[in-house]
1. Under 5 Å between amide H atoms, partner at least 5 residues away or on a different chain: which partners does residue 69 have, H built in plane at 1.01 Å?
2. Quick one: Karplus J couplings for the stretch 71-83, per residue in order, coefficients 6.51, -1.76, 1.60, θ = phi - 60°, nearest Hz, x for Gly and Pro?
3. Name the long-range amide H neighbours of residue 24: under 5 Å, sequence gap of 5 or more, or other chain; modelled H, no Pro or chain starts.
4. Quantify how much of the Cα-Cα distance distribution of the stretch 39-114 extends past 16 Å, in percent.
5. Please list, in order along the stretch 96-107, the HN-Hα scalar couplings obtained from phi with the Karplus expression 6.51 cos²θ - 1.76 cosθ + 1.60 (θ = phi - 60°), rounded to whole Hz, x for Gly and Pro.
6. May I ask for the percentage of alpha-carbon pairs in the stretch 11-67 that lie more than 13 Å from each other?
7. What residues qualify as long-range amide H neighbours of residue 58, i.e. H under 5 Å apart, gap of 5 or more or another chain, H built at 1.01 Å from N?
Amino acid sequence: MSAQIPANPSWVHVCAIDEIPLLGSRVLQCGEGDDIALFRPAAERVFALADSCPHKGGPLSQGIVSGDTVTCPLHGWNIQLDSGQACAPDVGCARKYPVQVRDGQVWLSLQPDAQAEIAVATEAAA
Ligand code: FES
């Protein structure tokens, strides 16, 4: 399953959480060849990573989700969904995107670091 979203640094509504298969993923095509994979390892948990393995660019969205990791379909590296870090002994990191689930709806920031979370916290406080 895939969806189109604009390249925008602010939070964007992506889909209802139920549109992401449990223990599966959904791919967001960003228009720059830089797809983002949304993973749902549990009923109310969603993580977003660049859909590119830190090893050789395999499509993480086609991997197997188990616990809080996804196994890359190409060579079997395990990637932590909450950080994008490869599990030891492998070394590398997939780009991570902040995600929020509000009232069953998934929101994504296209800023791939903690700065997005800070920006949202600042907006909420204003
Ligand atoms: S490309 Fe993912 S393990 Fe090699």
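1. Correct list: 81.
2. So the J values, rounded to whole Hz, are 9, 4, x, 7, 10, x, 5, 9, 10, 6, 5, 7, 10.
3. When sequence neighbours closer than 5 places are left aside, the close amide H contacts are 40.
4. The proportion of pairs with Cα distances above 16 Å equals 45 percent.
5. Values, residue by residue: 10, 10, x, 10, 10, 10, 10, 6, x, 10, 9, 10 Hz.
6. Working: 922 of 1596 pairs.
Considering the stretch 11-67, 58 percent of its Cα-Cα pairs are separated by more than 13 Å.
7. Amide H neighbours of residue 58, under 5 Å, 5+ apart: 53.
Bear in mind these aren't lab numbers, they're just calculated from the coordinates by the rules spelled out. Remember, predicted model here, so these are calculated numbers, not experimental data.
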